[in-house]
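Step one of this worksheet: look at the structure below.
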Amino acid sequence: MARLKLEGLKKTYAGDVQAVKGIDLDVADGEFVVLVGPSGCGKSTLLRMVAGLESITEGELTIGERKVNDLEPAQRDIAMVFQNYALYPHMTVYDNLAYGLKNRGFKRDEIERRVREAARMLEIEEFLPRKPRQLSGGQRQRVAMGRALVREPEVFLFDEPLSNLDAKLRVQMRVEIKQLQRRLKTTSLYVTHDQLEAMTLGDRLVVLNGGRIEQVGTPMEIYARPASIFVATFIGSPAMNLIPVAYLKERGNGLLDDLPPDTDLVGIRPDDLRIQPPDAPHLVVESTLELFEAAGAESHLYVRLAGSDQPSVIRTAGQSPVAEGETLRFHVVREALHPFNSASGKRTV
Amino acid sequence: MVEHRPLGNALTHLILILGVALVLFPVYVAIVASTQGPGEFLRGTLPLLPGGHALDNYRLMWESGLSRSSAPPAGQMLWNSLIMALAITIGKLTISLLSAFAIVYFRFPFRLFFFWLIFITLMLPVEVRIIPTFRVVADLGMLNSFAGLSIPLIASATATFLFRQFFMTVPEEMLEAARVDGAGPFKFFKDILLPLSITNIAALFVIMFIYGWNQYLWPLLITTDPDYYTIVMGIQSMTADEGNTPWHLVMAAVVMAALPPVLVILCMQRLFVKGLTETEK
Ligand SMILES: Nc1ncnc2c1ncn2[C@@H]1O[C@H](COP(=O)(O)OP(=O)(O)OP(=O)(O)O)[C@@H](O)[C@H]1O
Ligand SMILES: [Mg+2]
């Protein structure tokens, strides 16, 4: 277990491709940090720089007390779980788990003890004599985890480890990974582009965009107070609605007068567009229902605001009160508004 | 097969059997011929039923050979061929595995240039470069030696190229996982890449072995000492005496010469089948 510190990390690939443009991040001992961002934002690159699989162009990387910039992956005391698992196909599960320990010169009985222990934790004991191809995707995933576990490293690195699993298994493994990390208290860095994994897994969430950090915080902090339009629309599903302030002010609502003067856009989460009028002071907006989508526990109403082309989504439980094509009136309380400035892309308060 | 039409089945089988018969008939004739006595061939017809001299013929060839053709006993020549073929095969495999490994996994200056250089040598088989190669071998004093027989044939662009293509299909994450697991380049090569290539190695082993075994021109050129004659060139020298060739004995040598490649194929077949089922299951 160790603290992981990234200071001004930069990665420039040949041809002046800047994949990572200066990342500062301090991961506390035992903390579980999730990196999330759109495809191509540099998540994998950053993780691989920490692993030592990609050289660091600039900046400093510290694991524990050691500066590890120039160390080989094996010397950094990290373990990594790959997206496609990268198990050795010709070795049994046992040998897959044992290989890293053998290379480090562990005694045979110590290897045996650790492999059995990890296999027990992951419930893959019965698969130890099998080859990877004789396992299902989920079982392979566990073996990949086991290979990281037996090493008892300072830091776990995960690169979208669940993305090849089906939805149900993904939920199950997500819970297990979280429990395992709680139990082992190993510092972990986890890359994903899955909303739910991002929100549920980590102690802290790092939202990356274009090789830079957009926002760092606990998942709830980020959900409740997105620092930029990018984060606001990236975290949460369906995405947050963005409505020009001018449009709302036109509707003659004094409620918006206390917004900072540079606010020209407000974000409203789909759940905060209420069909029932709340007791608190609120805005009333008229719209046309374009599409109703029932998704089981919740429904999505795709509307177009009256007198504008602005599309929005409302999330509600239950049925739509009106038919498609008819007028729908919804309500928003003041607290639900996230004020942004569209030029800077930042939150204004 | 999806369809099960009896007539179609019978027809396909007939064609297959004809094909096999066409291929096997000469082999059969050779085997039968090797069992005849000295007089049989003089009658001008090809005997189609085995004669009773098999043991005599084979023993004679194995132990003393044809004294008239200056060739040593077939046993000795088979042994020479075996050493040459194995040296060529193992040498080719080792060198091509290592060079493919270097080309795929190491970044060194002019990597692509070297790759193309190797690739271009595909166009230069022994027969094309035989005169200069002979000069080099002669100047190095390797005439009449196993080194001279095998070393000039060892470089293999084909195998290097095939291994390169194979290595490029091994996912990069395999290398990365091995690096995280503390395996250096050679450990990775030995523990991961070699076992993964085993099917390819077995297939190439067969091809290379037969290539080495069937070398004719090169051994003919560089061996003058009968101690280094190989079986394939030996057989040729036995038939040099036109009109007087003891075909029954030559055929015995031919049958013996054909056996080692067959054995190699049979042994390696196990390996491919194992390799194939292992990767597919
Ligand atoms: N070897 C490379 N050479 C040049 N550019 C690269 C290289 N690897 C990645 N990049 C670029 O760096 C950027 C970040 O890539 P990275 O793989 O880190 O994205 P990611 O956030 O992991 O995306 P995804 O979610 O799709 O996996 C991309 O724009 C990519 O094109
Ligand atoms: Mg990625």
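Got a number for residues in region A:302-349 being under 11 Å from A:GLU290 (Cα atoms), open to solvent by less than 50 Å² (accessible area, probe 1.4 Å) and modelled with pLDDT of 90 or more? Result for region A:302-349: 5.
One residue stands out among those in region A:24-73 that are within 11 Å of ligand 2 (Cβ to nearest atom) and small (Gly, Ala, Ser): the one that is farthest from the other protein chains (Cβ to nearest Cβ), which is A:GLY37. Against the criterion of being open to solvent by less than 50 Å² (accessible area, probe 1.4 Å) and among the basic types (Lys, Arg), A:LYS43 qualifies. Kindly indicate whether A:GLU293 is part of a strand (DSSP E or B) and without any contact (Cβ under 8 Å) to a residue 40 or more places away in the chain. The answer is yes for A:GLU293. Comparison of B:ARG135, B:ARG179, B:ARG164 shows that the only residue that is more than 14 Å from every other protein chain (Cβ to nearest Cβ), without any contact (Cβ under 8 Å) to a residue 12 or more places away in the chain, basic (Lys, Arg) and in a helix (DSSP H, G or I) is B:ARG135.
The residue that is farthest from A:THR12 (Cα to Cα), counting only those in region A:196-209 that are within 16 Å of ligand 2 (Cβ to nearest atom) and outside any strand (DSSP E or B), is A:GLU197.
Go through region A:179-193 and give me each residue that's within 16 Å of ligand 2 (Cβ to nearest atom) and either of a type in the set (A, V, I, L, M) or free of Cβ contacts under 8 Å to residues at least 60 places away in the same chain (or both). Spell out the reasoning first.
Initially, region A:179-193 is screened for residues within 16 Å of ligand 2 (Cβ to nearest atom), giving A:189-193.
Once the filter is applied, which keeps residues that are within 16 Å of ligand 2 (Cβ to nearest atom) and either of a type in the set (A, V, I, L, M) or free of Cβ contacts under 8 Å to residues at least 60 places away in the same chain (or both), region A:179-193 yields A:LEU189, A:VAL191.
Every condition in (1) closer than 22 Å to A:LEU205 by Cα; (2) at pLDDT 95 or above is met by A:GLY37 except one, and the failing one is (2). For region B:88-132, the candidate set comprises residues that are touching a residue at least 60 places away in the same chain (Cβ under 8 Å) and farther than 22 Å from B:ARG164 by Cα; within that set, the residue that is farthest from the chain's Cα centre (by Cα) is B:ILE130. Taking the conditions (1) within 15 Å of A:THR218 (Cβ to Cβ); (2) surrounded by fewer than 18 Cβ atoms within 10 Å (Cβ to Cβ); (3) hydroxyl-bearing (Ser, Thr, Tyr) in turn, A:TYR190 satisfies each one other than (2).
With the condition kept exactly as written, say whether any residue in region A:294-315 is under 30 Å from A:GLU31 (Cβ atoms), charged (D, E, K, R), within 28 Å of the chain's Cα centre (by Cα) and not assigned by TED's automatic domain parsing to the domain that holds A:ALA198. Walk me through it before giving the result.
First pass over region A:294-315, keeping only residues under 30 Å from A:GLU31 (Cβ atoms): none.
No, every residue in region A:294-315 fails to be under 30 Å from A:GLU31 (Cβ atoms), charged (D, E, K, R), within 28 Å of the chain's Cα centre (by Cα) and not assigned by TED's automatic domain parsing to the domain that holds A:ALA198.
Screening the candidates A:ARG151, A:ARG116, A:ARG140 for the property of being under 23 Å from the mean Cα position of the chain (by Cα) and either more than 14 Å from every other protein chain (Cβ to nearest Cβ) or away from ligand 2 (no atom under 16 Å from the Cβ) (or both) yields one hit, A:ARG140.
So, A:GLY30, is that one in the same structural domain as A:VAL191 (by TED's automatic domain parsing), within 20 Å of A:ILE177 (Cα to Cα) and not β-branched (Val, Ile, Thr) or not? It would help to see each step written out before you state the result.
Values: in the same structural domain as A:VAL191 (by TED's automatic domain parsing): yes; within 20 Å of A:ILE177 (Cα to Cα): yes; not β-branched (Val, Ile, Thr): yes.
Yes.
Could you tell me which of the residues A:PHE32, A:PHE82 is open to solvent by less than 40 Å² (accessible area, probe 1.4 Å) and away from ligand 1 (no atom under 16 Å from the Cβ)?
Values: A:PHE82 fails: away from ligand 1 (no atom under 16 Å from the Cβ).
It is A:PHE32.
Selection of first residues in region B:184-196 that are more than 8 Å from chain A (Cβ to nearest Cβ) and of second residues that are open to solvent by less than 50 Å² (accessible area, probe 1.4 Å) and among the small types (Gly, Ala, Ser), restricted to Cβ pairs under 7 Å at least 6 apart or on distinct chains, gives the following pairs, ordered by first then second residue: B:PHE188/B:ALA178.
The values are calculated or read from the model by the stated rules, or taken from the named source; none is laboratory data. This one's a predicted model, so the numbers in the text were calculated from it and none came from an experiment. Neighbour counts run over all protein chains shown; Cβ positions are idealised from the backbone, glycine included. Note: areas computed on protein heavy atoms with side chains; ligands, DNA, RNA excluded. Shrake-Rupley method; radii C 1.70, N 1.55, O 1.52, S 1.80 Å.
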